[in-house]
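Structure record follows, encoded as C-alpha cells.
We did not get these values from a lab; they are worked out from the coordinates using the rules stated. Just so it is clear, the structure is predicted and the values come from calculations on it, not from any experiment.
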Amino acid sequence: MLKITSKHLEVTAPIRERVESRLAKLERHDITMINPHVIITEEKPLFKIEASIKLPQGELFAQASHENLYSAINAMGQKLEKQLNRLTHKPEASRNSGKADHKEALVDDAIDDDFEDEYQFAYETEKA
C-alpha cells in the first residue's frame, strides 16, 4: 500500500493519482514493492518530492525538486525507473558472463575445423 506524506501541502486526488500512476510504471518489471513511501514538501518556490521503496533485492530512493509539482513527480518517477532498470538488469551486465560463452564457441569451431580437415584428408586418400 502506497503511503503519501506531505509537509505544508494538502494531497489532493489528482496529486495522489499522478504519484500512483508513476509508481504503477515500476510494476512492469514484475517486482513486488514493499512499503512504498512518498514525501511531498513545499519549499517556496520549489516542490520537493522523495520516494523510498523497499524491494526483495534492495531499496530504491529518489529525490527531485521543481517549481511545478507534477514535473517533480515525473522526475522522481524517471529516477526510480532508472534505478530499478539498473537493478533488474545487473546480472546481465556482468563483464565476465559473455567471455566464457565466446571461448566455448571458439573451441567448438576449432574442433569442427579439425574434424573437417581430417575427413577431407581421408576422403582424398581413398579416392587416390
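Enumerate lysine pairs in the stretch 1-103 that are 8 or more residues apart or on different chains, then count those whose Cα atoms are under 26 Å apart.
Going through the stretch 1-103 pair by pair, I get 26.
Work out how much length His37 to Ser52 would gain on full extension: take 0.36 nm times their residue separation and subtract the Cα-Cα distance, in nm to one decimal.
That works out to 4.9 nm of additional length.
Computed over the Cα atoms of the stretch 24-97, what is the ratio Rg over Rh, Rh following Kirkwood?
Details: Rg = 14.0 Å, Rh = 13.2 Å.
Computed over Cα atoms, the ratio is 1.06.
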